[in-house]
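The values are calculated or read from the model by the stated rules, or taken from the named source; none is laboratory data. Model, not experiment: these values are computed from the prediction. Positions of Cβ are backbone-derived with ideal geometry, glycine not excepted, and every protein chain shown enters the neighbour counts.
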Amino acid sequence: MNNKRSLVLGLSLLTTITLSAEKIPGSMHTLQSIETSLDGKPYDFEYLEFLPADYSESDKSYPLILFLHGAGARGSDARELVKHHLPVVFEDKAEFPAIVISPQCPVGGWWSGETLDHVNLLLEEVTQNKRVDQDRIYITGLSMGGYGTWDMLRKYPDWFAAFASVCGGKGKNGMEGFIHIPGQALHGLEDNVVVPENTIEVVETFRKAGGDIEMTLYPDVGHDAWVPAYDPPELFLWLLNQKKDDPDFEYKPTAEEKEFFELWATGDTIVKQSPGLVKFPLHESEAEVTLTRINPTRYPVTEKLTWDVEGTHYTVNPKVATIEIPADGEATATFSISYEGDKFQLSPVPSFDSELVHKGKVFKKFSANMKFDDKEYFRGQVVRQSISPLEQAPTIDGTIDEAEWRNATPLTNLQLPNGRASYPSETMQLLGYDDEKLYVAVRIAEPNPKKLKMRHKHDTNVYRDDNAQVFIQPNPDSSDYYHIIVNPAGNTMDGLVHDRSWDGDYELKTNIGDNFWLVEMAIPWSTLGMEAPKPDTNIGFQFMARRTQAKDQTGQWAPTYHGWAHQPNRFGRLDFKGQ
């Protein structure tokens, strides 16, 4: 197909030519290439197109969903989008009764300005060449695309009957043109990439302007709020119930569509049963694990489950299982799992691929990793360090005076997170305490201090800079801990577990030298919610250092045996000796 069309946009001339369409093997999506021109300047990009299974056999018009992806999916090959976010959801949902288009933002681009002018042209193209119900066009986006959703509404509100912004947010101006459009805003409360306050503020502004919007804040969910937002069918059913200028409109699914959405919900329910239900106690050499499947719907379901152990130190028997799950019932499958590695070989773990089948048709595919109960195993792997009180409290001035830190306890042998090797960068960590405070001094060698990264401010993404981090767990048997990250500029990101609203009352000072940077800290016991430690007691502790010029290499005092540091059961222990 090669359709050429021009449109005057303000004082600019936009032209679009659809160049090609390519079916992606094994995918429900078609790759489309489009060329647009703004005032003679060419602009090429690609998008994915999803059409309902009955589209070619029908003459009806369909609702349309425009999806704007996050920053990590930018590129020049939209086929990669089938691995990300919303396109993944529809890979096994051929009967979804709407068209879905997913443009790809170019590398370095953003869903704003001229990029949205070209998305507007894309909507012109699709609505003229596909049977689209133009009273039921919706927009949703996540992260960068969540921001882009708000910008697209500001710029081209006339397209849309409803919207859903996931882990996004936007400024407070320019909402007057779309307050009549109903929306949803969804965000994870533990998101430290785009903080949930962004969504809360924009929702409050939208409501004050007279807009109608629902807000969902997911507890214990980070930046990946698109998982609880897009995996179940509820958000899409809500969208399909919205129609321009018709608040009383009600989507009435056919019998086939009702079955489709019920099976979708069934699949989502079973997927949620997967993480955490297959547990291998590593302190045993072999274990039997049972996977329970609960089917709350009126449709019998068959699950075909295949384990993948390649490259691991585990064996699983049987590797393939078929589970017949009755309607409104449950079924189980039992597997024998053995482990032949050591503490350095825990990862990778086995995973399984699952297909859920009804009436011979696959309606859900998903994968999950084996989960194991490692608490007992790691009780014998804890790193410990005895710590003595200081003779005098050091002055927190960024100098690490030898006399003041004379009897401090060094933390030695930083390791890579996998525990296989020592951290190659030179670091020095000193600890001490008195009745009032815990004292920490850190010196990190940096041959080129002019290239230190330290651009993030307080309680933003300081963890992306060069940094030193301490994790303090007053009660080693509790999952609660305090976390302080500091960059060379002295900016911090701190919190109680993942609650960034906690701002501790502590003192620190950084200093950048010719070939190093350092930080001194004084952390009152009271700000940690505890009294001064008594002799022969202990607390959980972890220290980390990160160098961006060494390919973001991280060192840990107590290795977690993979990259995720927030594992309090693997923190080390500080044993207090007393006077």
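Residues being without any contact (Cβ under 8 Å) to a residue 40 or more places away in the chain and under 16 Å from residue 381 (Cα atoms): count how many of those fall in the range 532-579.
Residues flagged as without any contact (Cβ under 8 Å) to a residue 40 or more places away in the chain and under 16 Å from residue 381 (Cα atoms) within the range 532-579 amount to 1.
Looking only at the range 193-217, filter to residues that are under 21 Å from residue 68 (Cα atoms) and of a type in the set (Ser, Thr, Tyr); which one of those is modelled with the lowest pLDDT?
199
Condition (residue is modelled with pLDDT under 85, among the polar types (S, T, N, Q) and either part of a loop (DSSP other than H, G, I, E, B) or surrounded by 19 or more Cβ atoms within 10 Å (Cβ to Cβ) (or both)) applied to the range 5-26: is it met by at least one residue?
yes
With the structure loaded, tell me whether residue 288 is touching a residue at least 24 places away in the same chain (Cβ under 8 Å) and surrounded by fewer than 14 Cβ atoms within 10 Å (Cβ to Cβ) or whether it fails that test.
The answer is yes for residue 288.
Output the residue which, of all residues in the range 99-141 that are aromatic (Phe, Trp, Tyr) and crowded, with 23+ Cβ neighbours inside 10 Å, is nearest to the chain's Cα centre (by Cα).
111
Please determine whether any residue of the range 187-199 is surrounded by fewer than 20 Cβ atoms within 10 Å (Cβ to Cβ), without any contact (Cβ under 8 Å) to a residue 60 or more places away in the chain and either of a type in the set (Asp, Glu) or closer than 22 Å to residue 52 by Cβ (or both).
yes
So residue 56 fits all but one of (1) without any contact (Cβ under 8 Å) to a residue 40 or more places away in the chain; (2) in contact with a Gly (Cβ under 8 Å, 6 or more places away or on another chain); what number is the exception?
(2)
Just one of 349, 362, 383 is touching a helix residue (DSSP H, G or I) at 6+ places or on another chain (Cβ under 8 Å), of a type in the set (A, V, I, L, M) and modelled with pLDDT of 80 or more; which is it?
362
Condition first: farther than 17 Å from residue 442 by Cα, in the same structural domain as residue 466 (by TED's automatic domain parsing) and in contact (Cβ under 8 Å) with a residue 24 or more places away in the chain. Can you find one or more residues in the range 391-401 that meet it?
No: zero hits.
Search the range 200-227 for residues being farther than 14 Å from residue 169 by Cα and of a type in the set (Gly, Ala, Ser), and hand back the single one that is surrounded by the most Cβ atoms within 10 Å (Cβ to Cβ).
Per the criteria, the residue is 211.
For (1) in contact with a Lys or Arg (Cβ under 6 Å, 6 or more places away or on another chain); (2) within 27 Å of residue 243 (Cα to Cα); (3) of a type outside the set (Ser, Thr, Tyr); (4) without any contact (Cβ under 8 Å) to a residue 12 or more places away in the chain, each residue gets a yes or a no:
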| site | (1), (2), (3), (4) |
| --- | --- |
| 49 | no, yes, yes, no |
| 68 | no, yes, yes, no |
| 73 | no, no, yes, no |
| 76 | no, no, no, no |
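crowded, with 16+ Cβ neighbours inside 10 Å and closer than 21 Å to residue 115 by Cα: does that describe residue 45?
For residue 45, the condition - crowded, with 16+ Cβ neighbours inside 10 Å and closer than 21 Å to residue 115 by Cα - is met.
Buried (at least 22 other Cβ atoms within 10 Å of the Cβ) and within 23 Å of the chain's Cα centre (by Cα): does that describe residue 96?
Criteria not met by residue 96.
Just for strands (runs of 3 or more DSSP E) wholly inside the range 300-345: which have at least 3 residues that are surrounded by 14 or more Cβ atoms within 10 Å (Cβ to Cβ) and of a type in the set (A, V, I, L, M, F, W, C)?
301-308, 320-325, 329-339
Within the range 533-553, work out how many residues are within 21 Å of residue 484 (Cβ to Cβ) and either surrounded by fewer than 21 Cβ atoms within 10 Å (Cβ to Cβ) or not β-branched (Val, Ile, Thr) (or both).
Total meeting the criteria: 13.
Taking the stated definitions as given, is residue 476 within 15 Å of residue 573 (Cβ to Cβ), buried (at least 16 other Cβ atoms within 10 Å of the Cβ) and at pLDDT below 95?
yes
List every residue pair whose Cβ atoms sit under 6 Å apart, with the two residues 6 or more apart in sequence or on different chains, where the first one lies in the range 149-163 and is assigned by TED's automatic domain parsing to the domain that holds residue 132 and the second, anywhere, is buried (at least 24 other Cβ atoms within 10 Å of the Cβ) and among the charged types (D, E, K, R).
161/136
Output the qualifying pairs, or none if there are none: Cβ atoms under 9 angstrom, residues six or more apart or on different chains, first residue in the range 317-343 and on the phi > 0 side of the Ramachandran plot, second residue of a type in the set (D, E, K, R) and outside any strand (DSSP E or B).
328/298
Taking the range 142-161, which residues are surrounded by 24 or more Cβ atoms within 10 Å (Cβ to Cβ) and within 30 Å of residue 57 (Cα to Cα)?
Once the filter is applied, which keeps residues that are surrounded by 24 or more Cβ atoms within 10 Å (Cβ to Cβ) and within 30 Å of residue 57 (Cα to Cα), the range 142-161 yields only 161.
Being small (Gly, Ala, Ser), more than 24 Å from residue 425 (Cα to Cα) and assigned to a strand (DSSP E or B) is the filter here; which residues of the range 536-579 pass it?
Result: 540, single match.
Out of the range 111-147, which residues are under 21 Å from residue 185 (Cα atoms) and touching a Lys or Arg at 6+ places or on another chain (Cβ under 9 Å)?
112, 116, 136, 137, 144, 146, 147
Tell me which residues, restricted to the range 47-98, are among the aliphatic types (A, V, I, L, M), under 20 Å from residue 148 (Cα atoms) and not in a helix (DSSP H, G or I).
48, 64, 65, 66, 68
Search the range 535-579 for residues being of a type in the set (Val, Ile, Thr) and within 27 Å of the chain's Cα centre (by Cα), and hand back the single one that is modelled with the lowest pLDDT.
Top of the filtered list is 560.
Need a quick list: strands (runs of 3 or more DSSP E) entirely within the range 399-461 having at least 3 residues that are under 20 Å from residue 494 (Cα atoms) and of a type in the set (A, V, I, L, M, F, W, C).
Strands (runs of 3 or more DSSP E) meeting the threshold: 437-445.
Among what's in the range 418-471 and is of a type in the set (Val, Ile, Thr) and buried (at least 22 other Cβ atoms within 10 Å of the Cβ), pick the residue that is nearest to residue 546 (Cα to Cα).
In this case the residue turns out to be 444.
Mind checking which residues of the range 78-93 are in contact with an Asp or Glu (Cβ under 9 Å, 6 or more places away or on another chain) and either of a type in the set (Gly, Ala, Ser) or farther than 24 Å from residue 193 by Cβ (or both)?
Correct list: 78, 79, 92.
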